[in-house]
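Structure first, then comments.
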Amino acid sequence: MSLTEEILSQIHGNPFKSLQKVDELWTELKNNTLPLPHTIKQDDQSLESLDYDVVICGGTLGILIGATLVMKGWRVALIERGKLQGREQEWNISRKELEVFIELNLLSEVELKTAISTEYNPARLSFPNSDDIWVKNVLNIGVDPVYLLETLKTKFLEAGGILLENTAYQGSIIHPNGVEIVNSSHLVAEGSETIKTRLLIDAMGHFSPLVRQARQGKKPDAVCLVVGTCATGYPNNQTGDIFASFTPLKNQCQYFWEAFPARDGRTTYLFTYLDANPQRFSLESLFEDYFKLLPEYQQIELNQLTFKRALFGFFPCYKDSPLKMPWNRVLAVGDSSGNQSPLSFGGFGAMVRHLQRLTDGIDHALTTDQLSQNALSLLQPYQPSLSVTWLFQRSMSVGIQQTINPEQINQLLTTVFQGMEQLGEPILKPFLQDVVQFSALTKTLSKTAMTHPDLIFKIIPQVGLMSLIDWTIHYWNLGLYTGLYPLGKTLEPMFKKLPLSSQYYYYRWLEAWKYGSGQDYE
């Protein structure tokens, strides 16, 4: 029996069996043997009637969008394959980002305070042979998903939303004037075989059948593997780690760690960036390394800990993101859209960051009937601030046959983050929250190039010349978008005089420039 099986089998529910199932999915992804779904069809005949304005498939993050839209007066149905409820493990985020729940009237001040289950300061960045870097108010808030989703579900229903739990998405037919969602066992049991909507929103995550059909079986460009636990017994649990590394390359990967205080213990994660090469190791193998290295990382013996939960998964990333659905009247949001950076592996933060933008955009699209594939693609626009992070991810990963100095990635990260710390919090803190800005990036690169030019030359063969050229295009686009956003704002009085349908396109471009240059960060 492996160490992983021994420990996980002692946790309530025996998550080791679930780990094996996820590993099977990981193996299928590596071998490119996942079946390609064909759940969407098209029909030239118009529907005689429509039941809803919006149907959202996937409730965990879909409820955020659903609650805002139903409060704006739209007829909204939410389909969830199981019961709509949050997990026990908190979602970590920064307090400033949570203000959108107040601004959209999703939560009161009291409800938001109740939703926050943990809060700590400061958080650490740690690399070998260098002083730790400490920051405050970054990913230091733990949100209780159970309370948050239950509160939003109640408000959604009270506002007139329709929730169809235990209802798995099976297929849909796109008509000129709407989408017909078909063959749901729950709907059949209720005496109706279909529901009809003007707009279908996919919030079913990375492995949504709609996403897999849209991507036509393409293997991801990169994957983040993550394993972890929540346990009690840690003597020190007042601070957290945003990003920590203390080992050289192992198994052709650089191992990174995170740690957060939780209301019922301490959560620690081990994660790594890699490609989907069939030779890559399993999640169980990564878990073995996690348990072997955890005592050194947290300065504690395993027998001093009582493990409450096991956490594991893998998160595919595509350079062609955010995903633009190839059909009319279908929009992907959250993890389905790939709207988070390839450095982060949680969709909650990305969804919250874009919640106001998506809510306004979907409301505007419904009002003006801008529901074509081209119009909806503007709600998930190209963002150079997202695309430039691909080179950062690539610089923290190694090819299966690639040979580099085992300490090269640690040396690079030490140099970059020390430079950011010296440049000040306005440079460092946005980056730690997945926001890349042209000025901050330019200053950081310039400082790194001047102080450690040798590192730059070492990275080029690691990431590849074509990746560097591709990155350079996104970098200059980041600068272009930085200038376009304030210029576009000056034209707002003129565009407000145009018809709403014309305003739709103006505001989508304005938002693309704003978010695409990181100027949404306050």
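Among the residues of the range 481-495, those identified as surrounded by 12 or more Cβ atoms within 10 Å (Cβ to Cβ), free of Cβ contacts under 8 Å to residues at least 40 places away in the same chain and not charged (D, E, K, R) are Gly483, Leu484, Tyr485, Pro486, Gly488, Phe495.
When the range 52-82 is limited to residues that are modelled with pLDDT under 95 and surrounded by fewer than 21 Cβ atoms within 10 Å (Cβ to Cβ), the one that is farthest from Asp264 (Cα to Cα) turns out to be Arg81. When restricted to residues that are touching a Ser or Thr at 6+ places or on another chain (Cβ under 8 Å) and either small (Gly, Ala, Ser) or modelled with pLDDT of 95 or more (or both), the range 332-368 contains 9.
Scan the range 371-401 for residues that are closer than 25 Å to Arg198 by Cα and in a helix (DSSP H, G or I) and the total you get is 5.
No other residue among Val388, Val398 is touching a residue at least 40 places away in the same chain (Cβ under 8 Å) and farther than 28 Å from Asp520 by Cβ apart from Val398.
Would you be able to tell me the number of residues in the range 424-455 that are among the acidic types (Asp, Glu) and either at pLDDT 90 or above or open to solvent by less than 50 Å² (accessible area, probe 1.4 Å) (or both)?
First pass over the range 424-455, keeping only residues among the acidic types (Asp, Glu): 425, 434, 454.
Adding the requirement that they be either at pLDDT 90 or above or open to solvent by less than 50 Å² (accessible area, probe 1.4 Å) (or both) leaves 425, 434.
Count: 2.
Just one of (1) open to solvent by less than 60 Å² (accessible area, probe 1.4 Å); (2) aliphatic (A, V, I, L, M); (3) out of contact with any helix residue (DSSP H, G or I) (no Cβ under 8 Å at 6 or more places or on another chain) fails for Met466. It is (1).
For the subset of the range 266-314 comprising residues that are β-branched (Val, Ile, Thr) and in a strand (DSSP E or B), which member is surrounded by the most Cβ atoms within 10 Å (Cβ to Cβ)? Here the answer is Thr268.
Of the residues in the range 346-355, at least one is touching a Phe, Trp or Tyr at 6+ places or on another chain (Cβ under 6 Å) and either surrounded by fewer than 19 Cβ atoms within 10 Å (Cβ to Cβ) or assigned to a helix (DSSP H, G or I) (or both).
Pairs, please: C-beta under 8 Å, at least 6 apart or cross-chain, first residue without any contact (Cβ under 8 Å) to a residue 24 or more places away in the chain and in a loop (DSSP other than H, G, I, E, B) and in the range 1-20, second open to solvent by less than 60 Å² (accessible area, probe 1.4 Å) and among the aromatic types (Phe, Trp, Tyr)? Cβ pairs passing all conditions: Ser9/Phe16. Scanning the range 186-215 for residues that are modelled with pLDDT of 95 or more, surrounded by fewer than 22 Cβ atoms within 10 Å (Cβ to Cβ) and hydrophobic (A, V, I, L, M, F, W, C) yields a total of 1. Filtering the range 1-30 to residues that are within 26 Å of Pro316 (Cβ to Cβ) and open to solvent by 80 Å² or more (accessible area, probe 1.4 Å) leaves Lys17, Gln20, Lys21, Glu24.
This table checks each residue for (1) under 17 Å from Ala512 (Cα atoms); (2) among the polar types (S, T, N, Q).
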{"position": "Lys319", "(1), (2)": "no, no"}
{"position": "Gly338", "(1), (2)": "yes, no"}
{"position": "Ser341", "(1), (2)": "yes, yes"}
{"position": "Gly347", "(1), (2)": "no, no"}
{"position": "His354", "(1), (2)": "yes, no"}
{"position": "Leu366", "(1), (2)": "no, no"}
{"position": "Leu371", "(1), (2)": "no, no"}
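Please go through the range 240-263 and pick out each residue that is assigned to a loop (DSSP other than H, G, I, E, B) and either at pLDDT 95 or above or closer than 19 Å to Arg280 by Cβ (or both).
Ser245, Phe246, Thr247, Pro248, Leu249, Asn251, Gln252, Gln254, Tyr255
Comparison of Leu323, Leu343 shows that the only residue that is of a type in the set (A, V, I, L, M, F, W, C), more than 25 Å from Asp43 (Cβ to Cβ), surrounded by fewer than 24 Cβ atoms within 10 Å (Cβ to Cβ) and in contact (Cβ under 8 Å) with a residue 12 or more places away in the chain is Leu343. Annotation: of all residues in the range 130-178 being open to solvent by less than 20 Å² (accessible area, probe 1.4 Å) and of a type in the set (Gly, Ala, Ser), the one that is nearest to Gln370 (Cα to Cα) is Gly178. Among all positions in the range 496-517, there is at least one residue which is small (Gly, Ala, Ser), open to solvent by less than 70 Å² (accessible area, probe 1.4 Å) and assigned to a loop (DSSP other than H, G, I, E, B). Under the condition of being in a loop (DSSP other than H, G, I, E, B) and either more than 30 Å from Tyr255 (Cα to Cα) or among the polar types (S, T, N, Q) (or both), the residues counted in the range 120-168 number 12.
The values are calculated or read from the model by the stated rules, or taken from the named source; none is laboratory data. Worth saying up front: this structure is predicted, and the values here are computed from it rather than measured. Counting neighbours? That spans all protein chains shown, and the Cβs are built from the backbone with ideal geometry, glycine included. The accessibility values were calculated without ligands, DNA or RNA, using every heavy atom of the protein model including side chains. Shrake-Rupley method; radii C 1.70, N 1.55, O 1.52, S 1.80 Å.
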